[in-house]
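Input: a single structure, listed below in structure tokens.
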Amino acid sequence: MRMRILEISVGAFILAGILALVGLALNVSGLNVSNTEGAYTVYARFENIGGLTPRAKVTMSGVAIGEVTEVVLDRDELVARVAMNIHSDVDFLSTDSSASILTAGLLGEQYIGITVGAEEEYLQNGDYIEDTQSALVLEELIGKFLFNEVSE
Amino acid sequence: MDQLALLGRKGLDKLAAFGRAGMILYQSLVAKPQPLVMFPLFVKQIYFIGVLSLIIIVVSGLFIGMVLGLQGYTILVDYGSEQAVGQMVALSLVRELAPVVTALLFAGRAGSALTAEIGLMKATEQLSSLEMIGVDPLRRIIAPRFWAGFICLPILSAIFAIVGVYGGSIVSIDWLGIYDGSFWANMQNSVNFYDDVLNGLIKAVVFGFVVTWIAVFQGYDCIPTSEGISQATTKTVVYSSLAVLGLDFILTAVMFGEL
Amino acid sequence: MTQFDDVVIDIQKLSFSRGDRPIYNEVDIKIPRGKITAIMGPSGTGKTTLLKLIGGQLKPDSGSIFVDSKNIPALSRSDLFNVRERMGMLFQSGALFTDISVFENVAFPIRVHTDLSEDMIRDVVLMKLHAVGLRGAHDLMPSELSGGMARRVALARAIALDPDIVMYDEPFTGQDPIAMGVLVNLIRRLNHSLGHTSIIVSHDIQETLGIADYIYIIADSKVIASGTPEELSRVESEQVKQFIQGLPDGPVPFHFPANDYEDDLLKGNR
């Protein structure tokens, strides 16, 4: 009899642990289970990526449509090149879309926001986004400000 | 000169102890598995080590989560960033507090119990009896406790984390009036399952291994008198705590250093 | 030392030391089959160590221990396992496993070494418990037993597999007269009815001399005397006489080495 109570409680204990893990996965970290649809890769070059890191979000109008997978130095163009995974069902990004590096909130992390253009053709796997806006760098901002001040 | 010799002798003794600890680790774990006999023993140990630690883990987790919520709010409200309380509570818990505090509480409750139990078995010659009957006490007594400790700590750590997050949410949402939508959304946006939750669990597994190893060794190696057992239990708690904190630093540096 | 017809344990030139302290120095001991042999000596001379050496728990520094022609220190793990099936040991404190019942304690060696069915195990366990007079206690937990009862259960456990050799580690220490009488009676009866070899390690002169067929006295890491109880009572050696008669002073001195008594008292606070 005692053994039975023991076994039941051990089973319940392990179940509680698994549930805790599932809870952590879904509620706390927002793990997206439905991410098995597949994704295609799109590239973009930036003058300055600021604090952008891999796994940063890629959004359109604030909605997440993918994530940054790689940030490297492009040897030919001598600028930064960012690789992004876009969800397969977001297949309406026109070839003249623009990508900007934005900051979430004052102290927040950086992410990429994409705005669609007017072209009829859409970006495919391996395409480049040409129109890019680099991250705001504080020194350049101050420089611009001073330059404007001086010229007045 | 005498002091130096004494120091040298102590150092060698510690090294010898470490060697013995390594040997019992090897002899307990590396052997032909006998599932029929070992599984019930293993289950019994999970009960004593894990299930009986649940209360202290849940209560501590709840309180720590609530304190984090409270303190977090107080600090962030000065920057106007009180909406970030959710992610602060969740990240602190999942990355650091859940594995570390669970391990420290575990060392105090289950670790000392393990050491005392094994030490007492040694003092009352139960371990010798087992040997004379032809059963290896390392396989029968030590190994099930080893595996149980290994498994229990990650489970306890996950439970601690979720209970803590819940506690933090009660404080933030119900008492301090944070909007629950942004609480959870901000949290989910900044806690990454692989980088944060899984890394926290990996820490818990490592801590479980180390704490159980220390507890079991101190019991097996102790001087078989009541004074010896008491010393061994103290050593378990002290060494385990130091090891957990030291390893936490190393693991944190490795896992989160680049971010 | 007399020669025996049938020697079950033959210890030759055994040497064993713990750290720097020599416990045994080239000791020769022969244990006759089917008899009760006692190993005696002052405290701390390593009598329990001898039992552990015979059982293979400790390895000697040099020398051999032949049990039925098998040299214990040289045996492999599986061979040692088989030899241990033929040995039973009663520890000083009983050493019952505290987390299982009396029944399970006695059944333990049976389950380890044999494949008997539950019915058969139940029969054997109850028979062994009956032999020590505790059949009615089979459902109790060790914590519910008195010291004497615990030792009897441990004895039942030691003889569960009908071993050829039963070893008793200080069985008479700290027992009240009734419990002592029960135990002495049991040891003698079991030895005669089951025909096994009994080895008793003790420093209780009275009881041991009354029950042993042959005695070895060990001191200073050597055997200082051996023989039947009657032979030993006639031995001339001062050391042996002091031990057997329980004299407070003799070769083992009463006073711990100290300064002159008068000087110590007159010097005041020192």
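The values are calculated or read from the model by the stated rules, or taken from the named source; none is laboratory data. All values derive from a computational prediction rather than experimental measurement. For neighbour counting, all protein chains shown are included, and Cβ atoms are generated from backbone atoms with ideal geometry for every residue, glycine included.
A search for C-beta distances below 8 Å between a residue of region C:66-81 that is farther than 15 Å from C:Ile29 by Cα and any residue that is among the hydrophobic types (A, V, I, L, M, F, W, C), counting only pairs 6+ apart in sequence or on different chains, returns C:Lys70/C:Val83; C:Pro73/C:Ile65; C:Leu75/C:Val83; C:Leu80/C:Ile72. Residues that are buried (at least 16 other Cβ atoms within 10 Å of the Cβ), among the acidic types (Asp, Glu) and touching a residue at least 12 places away in the same chain (Cβ under 8 Å) do not occur anywhere in region A:76-91. Selection within region B:35-66: residues that are touching a residue at least 40 places away in the same chain (Cβ under 8 Å) and away from every other protein chain (no Cβ under 11 Å). The member of this set that is farthest from B:Trp213 (Cα to Cα) is B:Met66. Inspect region C:67-88 for any residue being touching a Leu at 6+ places or on another chain (Cβ under 8 Å), part of a strand (DSSP E or B) and within 13 Å of chain B (Cβ to nearest Cβ) and give the result as yes or no. Checking region C:67-88: at least one residue is touching a Leu at 6+ places or on another chain (Cβ under 8 Å), part of a strand (DSSP E or B) and within 13 Å of chain B (Cβ to nearest Cβ). Every test in (1) away from chain B (no Cβ under 13 Å); (2) at positive phi is passed by C:Ala95 save one, and that test is (1).
With the condition kept exactly as written, say whether any residue in region B:74-96 is away from chain A (no Cβ under 14 Å) and either outside any helix (DSSP H, G or I) or closer than 21 Å to B:Val206 by Cα (or both). The answer is yes; a qualifying residue exists. Please verify whether region C:57-75 includes one or more residues that are within 30 Å of C:Asp249 (Cβ to Cβ), touching a Gly at 6+ places or on another chain (Cβ under 9 Å) and buried (at least 19 other Cβ atoms within 10 Å of the Cβ). No - not one qualifying residue is present in region C:57-75. I'm trying to understand the selection: among the residues of region C:33-56, which are within 14 Å of chain B (Cβ to nearest Cβ) and more than 14 Å from the chain's Cα centre (by Cα)? The answer is C:Gly56, and nothing else.
Yes or no: C:Val7 modelled with pLDDT under 85, of a type in the set (A, V, I, L, M, F, W, C) and either buried (at least 20 other Cβ atoms within 10 Å of the Cβ) or over 20 Å from C:Asp169 (Cα atoms) (or both)? Don't jump to the end; show me each part of the working.
Numbers: modelled with pLDDT under 85: yes; of a type in the set (A, V, I, L, M, F, W, C): yes; either buried (at least 20 other Cβ atoms within 10 Å of the Cβ) or over 20 Å from C:Asp169 (Cα atoms) (or both): yes.
Against the criterion (modelled with pLDDT under 85, of a type in the set (A, V, I, L, M, F, W, C) and either buried (at least 20 other Cβ atoms within 10 Å of the Cβ) or over 20 Å from C:Asp169 (Cα atoms) (or both)), C:Val7 qualifies.
Remark: B:Ser172 falls outside the filter, which requires a residue to be within 11 Å of chain A (Cβ to nearest Cβ) and at pLDDT below 90.
C:Asp123: part of a helix (DSSP H, G or I) and without any contact (Cβ under 8 Å) to a residue 60 or more places away in the chain, yes or no? Show your work before the answer.
Values: part of a helix (DSSP H, G or I): yes; without any contact (Cβ under 8 Å) to a residue 60 or more places away in the chain: yes.
Yes.
Sub-8 Å Cβ pairs linking a first residue in region B:190-212 that is within 11 Å of chain A (Cβ to nearest Cβ) to a second residue that is charged (D, E, K, R), at least 6 apart or interchain, are B:Ser190/A:Glu109; B:Asn192/A:Arg55; B:Asp195/A:Arg55; B:Asp196/B:Arg95; B:Gly200/B:Arg95; B:Gly200/B:Glu96, ordered by first then second residue. For region C:143-194, the candidate set comprises residues that are at pLDDT 85 or above and of a type in the set (Gly, Ala, Ser); within that set, the residue that is farthest from C:Ile36 (Cα to Cα) is C:Ser143.
A:Arg45 meets each of the listed conditions (1) modelled with pLDDT of 85 or more; (2) in contact with an Asp or Glu (Cβ under 9 Å, 6 or more places away or on another chain); (3) at the interface with chain B (Cβ under 8 Å from one of its Cβ atoms) apart from (3). Within region B:224-259, the residues that satisfy the criterion of being away from every other protein chain (no Cβ under 14 Å) and among the β-branched types (Val, Ile, Thr) are B:Ile229, B:Thr233, B:Thr234, B:Thr236, B:Val237, B:Val238, B:Val244, B:Ile250, B:Thr252, B:Val254.
Identify all residues within region A:84-106 that are part of a loop (DSSP other than H, G, I, E, B) and away from every other protein chain (no Cβ under 14 Å); write none if there are none.
A:Ser88, A:Asp89, A:Val90, A:Asp91, A:Phe92, A:Leu93, A:Thr95, A:Asp96, A:Ser97
Residue pairs whose Cβ atoms lie under 7 Å apart, sitting 6 or more positions apart in sequence or on different chains, and linking a residue in region B:217-229 that is over 17 Å from B:Ser28 (Cβ atoms) to a partner that is assigned to a helix (DSSP H, G or I) and charged (D, E, K, R), are B:Pro224/B:Lys122.
When each of C:Lys13, C:Lys59 is tested for being outside any helix (DSSP H, G or I), within 14 Å of another protein chain (Cβ to nearest Cβ) and among the basic types (Lys, Arg), the lone residue that passes is C:Lys59. Would you confirm whether any residue within region C:205-217 is buried (at least 17 other Cβ atoms within 10 Å of the Cβ) and part of a loop (DSSP other than H, G, I, E, B)? Yes, region C:205-217 contains at least one residue that is buried (at least 17 other Cβ atoms within 10 Å of the Cβ) and part of a loop (DSSP other than H, G, I, E, B).
Within region C:17-60, the set of residues being over 23 Å from C:Thr173 (Cβ atoms), of a type outside the set (S, T, N, Q) and touching an Asp or Glu at 6+ places or on another chain (Cβ under 8 Å) comprises C:Lys30, C:Pro32, C:Arg33, C:Gly34.
Among what's in region C:232-262 and is among the acidic types (Asp, Glu) and at pLDDT 75 or above, pick the residue that is nearest to C:Thr208 (Cα to Cα).
Among residues in region C:232-262 that are among the acidic types (Asp, Glu) and at pLDDT 75 or above, the one nearest to C:Thr208 (Cα to Cα) is C:Asp260.
Screening B:Ile24 on (1) closer than 23 Å to B:Thr233 by Cβ; (2) more than 23 Å from the chain's Cα centre (by Cα) shows it passes everything except condition (2).
Among the residues of region B:128-171, those identified as over 26 Å from the mean Cα position of the chain (by Cα) and assigned to a helix (DSSP H, G or I) are B:Ser128, B:Ser129, B:Leu130, B:Glu131, B:Met132, B:Ile133, B:Ile170, B:Val171. Scanning region B:1-16 for residues that are part of a helix (DSSP H, G or I), farther than 25 Å from B:Gln218 by Cα and of a type in the set (A, V, I, L, M) turns up B:Leu4, B:Ala5. Restricting C:Arg157, C:Arg189, C:Arg152 to residues that are within 14 Å of chain B (Cβ to nearest Cβ) and either in a helix (DSSP H, G or I) or touching a strand residue (DSSP E or B) at 6+ places or on another chain (Cβ under 8 Å) (or both) narrows the list to C:Arg157. Taken over region A:71-84, the criterion of being modelled with pLDDT of 85 or more and either over 16 Å from A:Tyr128 (Cα atoms) or not β-branched (Val, Ile, Thr) (or both) is satisfied by A:Leu73, A:Ala80, A:Arg81, A:Ala83, A:Met84.
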